[in-house]
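**Student:** The structure follows.
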Amino acid sequence: MSRFSRLLREAARFLWSSRAYTLLMMIGLIIGIASVTVIYELGAGVRERVVSIMSGMGFGADAFFVSSGGGRLGVRRPGGGSRTLTPDDAAVLARVDNVAMVVPHLTLRRDRVSHRDLHTSTVIFGVTPDYGAARRWDVSMGRFIDQQDESQRRRVTVLGSATAEELFPGQSPLGQQIQVGSVPFTVVGVLEPRGGVGGPGRSRDDLALVPLSVAMRRLAKEDKLSSIRINVERADNFQDTVEEVRQILRTRHKLAAGVPDDFTIVTPDAVVELITRQSRAMVVMLTFISAVSLFVSGIVIMNIMLVAVSERTHEIGVRRAVGARRADILTQVLMESVMVSVLGGALGFGLGALLSWLLEWGFDLPTAFSLQGSVLAFAFSAGVGLLFGLFPARKAAALTPVESLR
């Protein structure tokens, strides 16, 4: 152990005395490891962002959506974008075993919403009284839409916090009148701020909720739904319930065998799979670029170590002459290479963490600490030092005292 410690100190002393060489060997590694760190922290951040958004929607392991239109999540079949679900479909699904709650809703296009001389454009949702409870949305003031609002088709609305701030800056919107298009509504509540992004360039707090019956009759003027949210009672029978819902809807929509579904079932696993599939190509490409950078840095380390060995030939000869073994020379040069790589990896990891923070702070890109990325970064850096330091180490160990001192 004392021999190993002595060789380690000798390796550290050489790297410190040859700081220029050490820095040149580390530059490529720092860039490569920083790239690997950023890639994996972005991947972890995206997964956390998706989970956060799904949680904000109340989209846990006990719920799934049935969306109008055929195809699959993220890919619409040509002509499959029309609304195919009805309130009667929702009523039938509510009687399925293991179904705890069925919540239909209608999503309308962004519409002009105004209060006096203030205007904004927001997405309108037609919802039932269970909508807020199913998604775990709370109100910060006022109340949510209730059953009387729905059954009596009252023109009331619950605003997202961002929409409320746009139309009623510095004042309470409760009891105030707004216009959705040309239809007047009374504000009865404001949702708690949820933050984050709810769509391309849209805050999750930028919305207005109205009773489903009013949305269908006065705004959409059709008896169709955008989607139906289904909460299950027992998560262990989740997949069986999903399949039963699929078969019931196919029967109700008179779809023959072999005809694709005219609806899309969206489960939590399907959402995660979609995000993973869409990001995989980018991760593979960036990882390949990082691997190339690490390979180039390994070549640089090997060449500089060869130069260093040639410059230390006399020193190696003296050490061999006074009793140093080939294994001692081999171990020390390998230690120097691995120490450079690990130090470069540590600096690269720190740079990658800093870049990840800057990406999140400056560009709102989701990042999160990735244990897998950290372990991989240090394993890469140590592996590069060991692999590309082997040839210079063997060359140094092969020198004889006579040749070195000549």
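**Student:** Out of all DSSP beta bridges in region 105-222, what portion is antiparallel? Express it as a percent rounded to 5.
**Tutor:** Once the DSSP bridges in region 105-222 are tallied, antiparallel ones form about 70 percent.
**Student:** Kindly write out, for region 158-168 in residue order, the coupling ³J(HN,Hα) from the Karplus curve 6.51 cos²θ - 1.76 cosθ + 1.60 (θ = phi - 60°), rounded to whole Hz, with x marking Gly and Pro.
**Tutor:** Listing the rounded values in order: 10, 9, x, 4, 5, 5, 4, 5, 5, 8, 10 Hz.
**Student:** For region 105-222, calculate the relative contact order in percent as a whole number, restricting contacts to Cα pairs under 8 Å that are 6 or more residues apart.
**Tutor:** Over region 105-222, the number comes to 35 percent.
**Student:** Dipole of region 105-222 (Lys/Arg Cβ +1, Asp/Glu Cβ -1, origin at the Cα centre): which of SER121, LEU106, VAL190 lies farthest to the positive side?
**Tutor:** LEU106
**Student:** Which ³J(HN,Hα) values in Hz, rounded to whole numbers, follow from the phi angles of region 187-195 under the Karplus curve 6.51 cos²θ - 1.76 cosθ + 1.60, where θ = phi - 60° and Gly and Pro get x?
**Tutor:** Per residue, the Karplus-derived 3J(HN,Hα) values read 6, 10, x, 10, 6, 5, x, 10, x Hz.
**Student:** Next question. Which of the lysines could a cross-linker bridge to LYS254, judged by Cα under 19 Å and excluding same-chain residues fewer than eight apart?
**Tutor:** The qualifying lysines are LYS224.
**Student:** Beta carbons within 10 angstrom, averaged per residue: use that to sort the peptides 341-347, 115-121, highest first.
**Tutor:** Result, highest mean first: 341-347, 115-121.
**Student:** Non-local amide H neighbours of THR122 (under 5 Å, H modeled in plane, Pro and chain starts lacking H): which ones?
**Tutor:** Sorted by chain and number, the residues that satisfy this are ASP111, VAL113.
**Student:** Out of every Cα-Cα pair in region 105-222, what percent are more than 23 Å apart?
**Tutor:** Pairs farther apart than 23 Å: 19 percent.
**Student:** If you plug each phi of region 240-252 into the Karplus form 6.51 cos²θ - 1.76 cosθ + 1.60 with θ = phi - 60°, what whole-Hz ³J(HN,Hα) values come out, in order, with x for Gly and Pro?
**Tutor:** So the Karplus estimates, Gly and Pro as x, are 4, 5, 4, 5, 5, 4, 4, 5, 5, 5, 4, 5, 5 Hz.
**Student:** Let me ask something else about it. Given a Förster distance of 25 Å, report the FRET efficiency between LEU387 and PHE363 from their Cβ-Cβ distance, rounded to the nearest 0.05.
**Tutor:** Efficiency at R0 = 25 Å is approximately 0.10.
**Student:** Going Cα to Cα from LYS221, which aspartates and glutamates come in below 20 Å? Please leave out same-chain ones fewer than 8 positions away.
**Tutor:** In chain and number order, the partners are ASP88, ASP89, ASP111, ASP149, GLU150.
**Student:** Between ALA91 and ALA256, what length comes free when the chain is fully extended (0.36 nm per residue of separation minus the Cα-Cα distance, one decimal in nm)?
**Tutor:** 57.1 nm
**Student:** From the P(r) of region 159-248, can you give the percent of Cα pairs sitting at distances over 14 Å?
**Tutor:** Roughly 75 percent, rounded to a whole number.
Bear in mind these aren't lab numbers, they're just calculated from the coordinates by the rules spelled out. Here the structure is a predicted model, which means the values were calculated and not measured. Neighbour counts run over all protein chains shown; Cβ positions are idealised from the backbone, glycine included.
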